[in-house]
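Taken together, the values in this text are just the output of simple stated rules run on the coordinates, not laboratory data. In this text, all values refer to a predicted model and were calculated from it rather than measured experimentally. Here the Cβ positions follow ideal geometry from the backbone for every residue, glycine too, while neighbour counts run over all protein chains shown.
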Amino acid sequence: MAHEPLIAPSILSADFARLGEEIAAVSGPGDGRADWVHVDVMDGHFVPNLTIGLPVVQSLLRTTDIPLDCHLMIEDPDRWAPGYAEAGAHNVTVHAEAAHDPVKIAKDIRAAGARAGLSVKPGTRLEDHLDTLRHYDTLLVMSVEPGFGGQKFMPEVLDKVRTARRLADTGHLNVLVEIDGGIKEDTIEQAAEAGTDCFVAGSAVYGAGDPGRAVAALREQAARARQAAR
Ligand code: DX5
Ligand code: ZN
């Protein structure tokens, strides 16, 4: 059975000089409170963009009690991912395309006390990673090419969401299904109908005048679409 929708605002679209305040804007009580805060770590190699790393994540962990969802778009996650778990991230996601030994990475992340996530780019087949996914807690389906916020949603990746949902509902996989890229008012419903549990939204939340209100609106849309699809 799918989870109640989780909303994970991505701070990639927030003001990097005011990250604490930007997270506070989605930390109020009620439906506008983020379930997770999504942190995009990019190294300028695995993706053609450079963002933030472990020191910033450590600082954010001191300023918020909302669980941090760290999405590592980096080369050699085998080396770097456990550090994010040790720091206290709730979920640490690595890319299937970058991992050398993904099963060991999952074990290391879990041993350090976090959930382990595996992400697949739009062109990556889910079938090639199903055995590996048995060792993971979350599957992050990318619905844009990783690297930048504000890109257009790619509906063709929803087949992967449907497959993962079916495998999770029939007990063949024990993962939470997360989607990332282009999630907003006019795309979240199809992602919810396909069986997504957790919705990352960057520009739709931080491009809005009131980020908390945007979180609440996305949550309501996802819940309604999920209900209708049952
Ligand atoms: C893109 C990042 C996303 C990004 C999503 O590589 O992984 O998390 O912040 O931004 P939007 O929601 O604007 O597509
Ligand atoms: Zn992301």
- [ ] Could you grab the relative contact order for region 1-83? Cα pairs under 8 Å, six or more apart, rounded to a whole percent.
- [x] 30 percent
- [ ] Taking the dipole about the Cα centre of region 6-229, with the C-beta of Lys and Arg at +1 and of Asp and Glu at -1, give me whichever of 208, 99, 139 is farthest to the positive side.
- [x] 139
Open item on the list: Please compute, for the alpha-carbon atoms of the chain, the extent along each of the three principal axes and give them in descending order in Å.
Closed with: 42, 41, 30
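Work through the residues other than residue 37 whose Cβ is under 15 Å from its Cβ and net out their charges, Lys, Arg +1 and Asp, Glu -1. Each step should come with its number before you reach the end.
Working: positive: 18, 33, 62, 115, 219; negative: 15, 21, 22, 35, 40, 65, 69, 178, 180.
Result for the neighbourhood of residue 37: -4.
How big is the charge dipole of the chain about its Cα centre, in debye rounded to the nearest 20, if each Lys and Arg gets +1 on its Cβ and each Asp and Glu gets -1 on its Cβ?
Numbers: 22 positive and 34 negative charges, 80 e Å.
For this selection, approximately 380 debye.
What is region 6-229's relative contact order, in percent, from Cα pairs under 8 angstrom and six or more apart in sequence?
Values: 480 pairs, mean separation 47.2, N = 224.
RCO, region 6-229: 21 percent.
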TODO: Quote the convex hull volume per residue of region 51-132, based on C-alpha atoms, as a whole number of Å³.
DONE: 93 Å³
Task: Max mean-square fluctuation residue, GNM over the chain, Cα-Cα springs under 10 Å, options 203, 59, 143 - done: 59
- [ ] Compute the separation of the alpha-carbon centres of region 73-149 and region 1-48 and state it in Å as a whole number.
- [x] 18 Å
Open item on the list: Can you tell me what share of the DSSP beta bridges in the chain is antiparallel? A percent to the nearest 5 is fine.
Closed with: 5 percent
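Determine the calculated [θ] at 222 nm for the chain from helices alone, applying -39500 (n - 2.57) to every DSSP H run no shorter than 4 residues and normalising by the residue count; nearest 500 deg cm²/dmol.
Details: 9 runs with 83 residues, N = 230.
It lands at -10500 deg cm²/dmol.
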